[in-house]
């Protein structure tokens with residue numbers, strides 16, 4: 001293409017206009033590392049002028065923490081290409097800047113003649129998240145962090161490992177304290193998204209209006225005080241966004257989230273532009289999703305979209321064979337933190353731990369070990385006297401059999417029948433201990449009780465559900481799970 005001088009100048013003017021009007025920072029250096037392109041957005045991001053940067057050696061203007069390298073210089077001198085890399089650095093004025101960059105070398109006849117960086121500013125959101133949200137820039141949990149030898153936990157770990165192979169959405173279902181975020185971080189760190197950011201947001205922590213702007217971002221002028229601000233979807237570009245307690249979002253916001261996941265694009269509040277995003281979604285819920293749907297806390301279509309891969313994290317009461325492994329891990333953790341040399345727990349303590357029902361799950365167990373180690377003075381074994389008073393008090397209130405009966409026949413007012421009316425239960429309680437292990441015992445009792453109620457109501461499921469204090473959908477779920485002919 002041959003251009004005369006006038007045409008060439010016009011083309012340069014067009015390039016300059018485009019460069020300065022786009023909403024991303026552009027910074028290019030030549031083969032010697034001096035700045036040759038620096039657009040208006042980049043000046044805004046870094047609070048520098050053309051005179052501060054043009055024809056200056058890159059490292060005379062910008063500084064990096066020890067061990068950190070400039071992606072722009074890496075592209076120039078090592079011919080590397082970077083996409084969606086988050087980088088924090090400092091200007092000569094001491095201002096800390098955080099950006100998400102695309103960086104690549106520029107070639108001419110197979111020779112590198114420079115490098116260019118296209119940057120999105122996330123400095124303000126980074127500071128906001130550090131102060132208010134749960135940003136895990138350094139996700140420390142991997143599958144090696146998941147502790148247990150029980151069949152229940154190993155099955156979930158195996159499914160989670162398979163989920164690292166694809167970018168599909170994951171729904172993690174489990175009670176509070178079971179370790180849902182450990183699984184989320186492990187999946188992220190084992191996947192192709194591991195080089196991208198990992199952002200965790202508790203959906204119950206903030207009101208819908210704030211959550212919406214945090215998730216999708218805002219456009220300047222959308223409301224009083226609104227500025228151009230990217231949301232968590234854009235900041236998590238190329239990485240993973242963990243949405244904790246997804247069932248706490250309003251139906252309206254769930255619908256907007258569903259659209260973003262399906263179309264892989266978001267629209268900032270007050271904006272008309274759809275922005276493509278490449279983000280893996282992991283969501284958690286701390287209740288049975290069937291009950292959440294039945295009670296209008298979770299949209300059915302969002303559930304189907306999120307649960308491409310479903311992980312059911314077992315509560316601690318269903319994996320008590322893992323207690324000794326978990327205890328040992330927590331002792332090692334707090335030995336390091338407290339500079340202690342505790343070696344184990346007594347046999348009496350182990351028996352108490354095994355008898356307890358653990359409503360707070362693994363998190364509660366950790367708190368018990370931490371509290372116990374706080375009162376040790378010179379001892380190397382945790383004894384019953386070292387356990388927190390509230391735990392000793394709770395764990396001695398009822399036998400394991402009595403606790404299990406409360407769990408099945410009292411919780412949520414599922415039935416008003418007494419145990420004496422049920423021959424299956426009466427027969428089991430007449431002996432010193434129930435037949436089989438606790439999990440099998442409870443499943444048999446639940447199956448018997450639901451089946452008996454169905455028979456008495458002539459298999460009318462709505463009447464049966466009302467009698468048991470369940471929704472019809474929840475009853476259907478339990479009939480299917482327990483393999484009851486109905």
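Overview of results
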{"read-out": "Region 127-312, Rg to Rh (Cα coordinates; Rh as Kirkwood inverse mean 1/r)", "value": "0.96"}
{"read-out": "Longest to shortest principal axis, alpha-carbon extents of region 440-486, angstrom", "value": "27, 19, 18"}
{"read-out": "Rg [Å, one decimal], Dmax [Å, integer] - region 316-395, C-alpha atoms", "value": "11.5, 34"}
{"read-out": "Value of [θ]222 nm, deg cm²/dmol, for the chain, DSSP H segments ≥ 4, -39500 (n - 2.57) each, nearest 500", "value": "-12500 deg cm²/dmol"}
{"read-out": "Separation in nanometres of the label points that stand 7 Å from Cα toward Cβ, at residue 255 and residue 78", "value": "4.9 nm"}
{"read-out": "With 5 Å bins from 0: P(r) over region 5-121, alpha-carbon pairs, percent", "value": "2, 12, 20, 25, 22, 11, 5, 2, 1, 0"}
{"read-out": "Crossing angle, helix 251-263 versus the chain [Cα axis fit, 0-90 degrees, rounded to tens]", "value": "60 degrees"}
{"read-out": "Cβ-derived FRET efficiency at R0 41 Å, residue 208 paired with residue 52, nearest 0.05", "value": "0.45"}
{"read-out": "Value of D in µm² per second that Stokes-Einstein yields for region 184-265, Kirkwood Rh from Cα pairs, at 25 °C (0.890 mPa s)", "value": "180 µm²/s"}
{"read-out": "Nearest 10 degrees, 0 to 90: helix 361-374 Cα axis against the chain principal axis", "value": "90 degrees"}
{"read-out": "Whole-Å semi-axes of region 217-323's equivalent ellipsoid (Cα gyration tensor)", "value": "31, 16, 13"}
{"read-out": "Ratio Rg/Rh, restricted to the chain and using Cα atoms, in which Rh is the Kirkwood radius", "value": "1.08"}
{"read-out": "Cβ-based exposure ranking for 42, 373, 252, in which fewest neighbours within 10 Å come first", "value": "252, 373, 42"}
{"read-out": "Proxy reagent accessibility, fewest Cβ within 10 Å first, across 188, 367, 102", "value": "367, 102, 188"}
{"read-out": "Contour excess over end-to-end distance, with Cα ends at residue 273 and residue 147 and 0.36 nm allotted per residue", "value": "40.8 nm"}
{"read-out": "The chain: relative contact order as a whole-number percent, Cα under 8 Å and 6+ apart", "value": "11 percent"}
{"read-out": "Gained length - residue 321 relative to residue 390, 0.36 nm times residue gap less alpha-carbon distance", "value": "22.5 nm"}
{"read-out": "R0 of 25 Å, Cβ-Cβ distance residue 17-residue 228: FRET efficiency to nearest 0.05", "value": "0.80"}
{"read-out": "Among 158-164, 337-343, the order from most to least packed when residues are scored by Cβ within 10 Å on average", "value": "158-164, 337-343"}
{"read-out": "Cβ-based exposure ranking for 183, 8, 312, in which fewest neighbours within 10 Å come first", "value": "8, 312, 183"}
{"read-out": "For region 13-63, average projected area of the Cα convex hull in nm²", "value": "3.6 nm²"}
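Each value in this text was obtained by applying a stated rule to the coordinates, not by laboratory testing. It should be emphasised that the depicted structure is a prediction, and the values quoted were computed from it without experimental measurement. Glycine also receives a Cβ, built like all others from the backbone with ideal geometry; neighbour counts cover every protein chain displayed.
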